[in-house]
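Before any comments, here is the structure.
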Amino acid sequence: MTQKLSDNVCFALYTATNALVRAYRPLLDEFDLTYPQYLVMQSLWYNNDVSLKEVSHDTRLDSGTLTPIVKRLEQKGFLTRRVSEVDERKKVISLTEEGAELREKAKSLRDKLEAKSNMAAEDVELLRRLCLELAANLQ
């Protein structure tokens, strides 16, 4: 039986992830966002005024990776960081008006990417569910 690298699920996921991020790049360039920055923005679009820890949990980015991303998004004017009124040890991350408006402008990104994939919507959804299931099972 001939085996090759692409027979490994880890390789298939790795190459698909890289292809997905490369496909997103030109779409995100229009908004001056990197893919990790886009993840943070999406997290805040779904749940605003949260701690850095909550954004970290939601995006699965560790604080060492997340902090420079948040600082960069703050420099771009998309969010603010302020000390929590409840716990001065925590920072609260909030969208600016510009960051909130970006959500409307970026709504078409998912549709553009799905069209680029040439996959049926139900296949994309199945893939999403299976990837989340695999991630949960491996944790």
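The values are calculated or read from the model by the stated rules, or taken from the named source; none is laboratory data. What you see is a predicted model; the values in this text were computed from it and never measured. Counting neighbours? That spans all protein chains shown, and the Cβs are built from the backbone with ideal geometry, glycine included.
Odds and ends about this structure:
- Within region 1-57, considering residues that are under 24 Å from Gly99 (Cβ atoms) and small (Gly, Ala, Ser), the one surrounded by the fewest Cβ atoms within 10 Å (Cβ to Cβ): Ala23
- Of the candidates Leu13, Leu61, Leu28, the single residue that is in contact (Cβ under 8 Å) with a residue 12 or more places away in the chain, of a type outside the set (S, T, N, Q), assigned to a loop (DSSP other than H, G, I, E, B) and out of contact with any Cys (no Cβ under 7 Å at 6 or more places or on another chain) is Leu61.
- Filtering region 62-89 to residues that are under 17 Å from Phe31 (Cα atoms), in contact with a helix residue (DSSP H, G or I) (Cβ under 7 Å, 6 or more places away or on another chain) and of a type outside the set (D, E, K, R) leaves Ile69, Val70, Leu73, Gly77, Phe78, Leu79.
- Residue within region 45-54 that is of a type in the set (Asp, Glu), over 24 Å from Ser108 (Cα atoms) and part of a helix (DSSP H, G or I) present: yes
- Residue match in region 103-113 (condition: farther than 30 Å from Ala12 by Cβ, modelled with pLDDT of 95 or more, surrounded by fewer than 15 Cβ atoms within 10 Å (Cβ to Cβ) and not β-branched (Val, Ile, Thr)): no
- Scanning region 79-102 for residues that are modelled with pLDDT of 90 or more, not basic (Lys, Arg) and not in a helix (DSSP H, G or I) gives Leu79, Thr80, Val92, Ile93, Ser94, Leu95, Thr96.
- Filter pass, Gly77 being crowded, with 16+ Cβ neighbours inside 10 Å, farther than 27 Å from Ala136 by Cα and either among the aliphatic types (A, V, I, L, M) or in contact (Cβ under 8 Å) with a residue 12 or more places away in the chain (or both): no
- Any hit, region 104-124, residues being small (Gly, Ala, Ser), over 25 Å from Ala19 (Cβ atoms) and not in a strand (DSSP E or B): no
- Pairs meeting the criteria (first residue in region 84-106 and more than 16 Å from Met41 (Cα to Cα), second residue surrounded by fewer than 16 Cβ atoms within 10 Å (Cβ to Cβ) and of a type in the set (A, V, I, L, M), beta carbons under 7 Å, at least 6 apart or on different chains) are Lys91/Val83.
- Counting the residues of region 55-66 that are polar (S, T, N, Q) and under 17 Å from Leu33 (Cβ atoms) gives 2.
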